[in-house]
Amino acid sequence: MSVAIVTGGSRGIGAATSLALARDGYAVAINYARDAQTALALAGEIAAAGGRAIAVAGDVAEEEAVLELFARTREAFGPVTALVNNAGITGPTGPLVSLAAADLRRVLDVNVIGTILCAREAVRTMEPGGAIVNVSSIAARLGSAGEYVDYAASKAAVDTFTLGLAREVAPRGIRVNAVSPGLIETEIHAAGRLDRLRSAVPLGRVGTADEIAAAICWLLSAHASYVTGSILEVGGGR
């Protein structure tokens, strides 16, 4: 059985990915941090369509929560064959001089430590053919000056981690890639930000969560069997 964990899987890109993977035949563990109602509703939607899904609470920045997430998934469906490291936060928006240390630590804990912990648990048990997709951001390349340079730095760390882990586990037949979204219509963006930056996108529009989910599903699929250590930008040319 194909079994996927999607961290931050109940909203935005995570929810679109959970639905798309379920349609592709995966049993899906939908990880969420706080909103149980939304996660359970999504799992119910997948089940009503004939798929298999569970909702699992847990902060990916906490090691015990990550261990519980993988244990619950194995108990429900069996060994994990795919991981989507989607959970991420931006923290407060503003210039670096306004950044509080506590906010910085939280961004790094979720975006970097959480990604690495989940990947660690995945590769501990994955068989050949397993795959990981880390959700990065084109902020890693653009820097997000004046907005959230700490978030951009955290996503650059995700990119570097993707490259290193891909080389480390390739001899075991496990693939590791990243998707790097641009401006996507999700609640992570501050009000008005999408409208303000839309003109900077060569394709002239904001992307959708479904478009990112499609890229993630492709990277997890056999169609991408010779792709590892890649960072796929889905940003409208920005």
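The values are calculated or read from the model by the stated rules, or taken from the named source; none is laboratory data. From a predicted model like this one, the values you see are computed outputs, not experimental measurements. Here the Cβ positions follow ideal geometry from the backbone for every residue, glycine too, while neighbour counts run over all protein chains shown.
Brief remarks on what is shown
- Test: residue in segment 177-187 that is hydroxyl-bearing (S, T, Y), buried (at least 21 other Cβ atoms within 10 Å of the Cβ) and at negative phi: yes
- Qualifying residue in segment 188-200 (condition: under 15 Å from the mean Cα position of the chain (by Cα) and either more than 21 Å from R124 (Cβ to Cβ) or among the basic types (K, R) (or both)): yes
- Within segment 177-196, restricting attention to residues that are part of a helix (DSSP H, G or I) and charged (D, E, K, R), the residue that is farthest from A209 (Cα to Cα) is R196.
- Inter-residue pairs, beta-carbon under 7 Å, first more than 21 Å from S154 (Cα to Cα) and in segment 166-178, second small (G, A, S) and in a loop (DSSP other than H, G, I, E, B), 6+ apart: G173/G129; I174/G130
- Test: residue in segment 70-78 that is of a type in the set (A, V, I, L, M) and under 24 Å from I212 (Cα atoms): no
- G91 falls short on exactly one of the conditions (1) over 22 Å from V234 (Cα atoms); (2) modelled with pLDDT of 95 or more, and that condition is (2).
- Filtered by the rule that a residue be buried (at least 19 other Cβ atoms within 10 Å of the Cβ) and part of a loop (DSSP other than H, G, I, E, B), segment 166-176 gives a lone residue, I174.
- Single condition I13 does not satisfy, out of (1) under 18 Å from T125 (Cα atoms); (2) in contact (Cβ under 8 Å) with a residue 12 or more places away in the chain; (3) under 18 Å from the mean Cα position of the chain (by Cα): (1)
- Single match in A213, A224, A200 (criterion: aliphatic (A, V, I, L, M) and crowded, with 20+ Cβ neighbours inside 10 Å): A213
The rows are residues; the columns are (1) touching a helix residue (DSSP H, G or I) at 6+ places or on another chain (Cβ under 8 Å); (2) under 29 Å from A22 (Cα atoms).
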{"site": "P128", "(1), (2)": "yes, yes"}
{"site": "N134", "(1), (2)": "yes, yes"}
{"site": "L163", "(1), (2)": "no, yes"}
{"site": "G173", "(1), (2)": "no, yes"}
{"site": "N177", "(1), (2)": "yes, yes"}
{"site": "A200", "(1), (2)": "no, no"}
{"site": "W218", "(1), (2)": "yes, yes"}
{"site": "A222", "(1), (2)": "no, yes"}
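- Candidate set: segment 155-165, residues that are surrounded by fewer than 21 Cβ atoms within 10 Å (Cβ to Cβ) and under 20 Å from L220 (Cα atoms); chosen: the one farthest from the chain's Cα centre (by Cα): G164
- Boolean, G207 is closer than 26 Å to P92 by Cβ, surrounded by 15 or more Cβ atoms within 10 Å (Cβ to Cβ) and more than 15 Å from the chain's Cα centre (by Cα): yes
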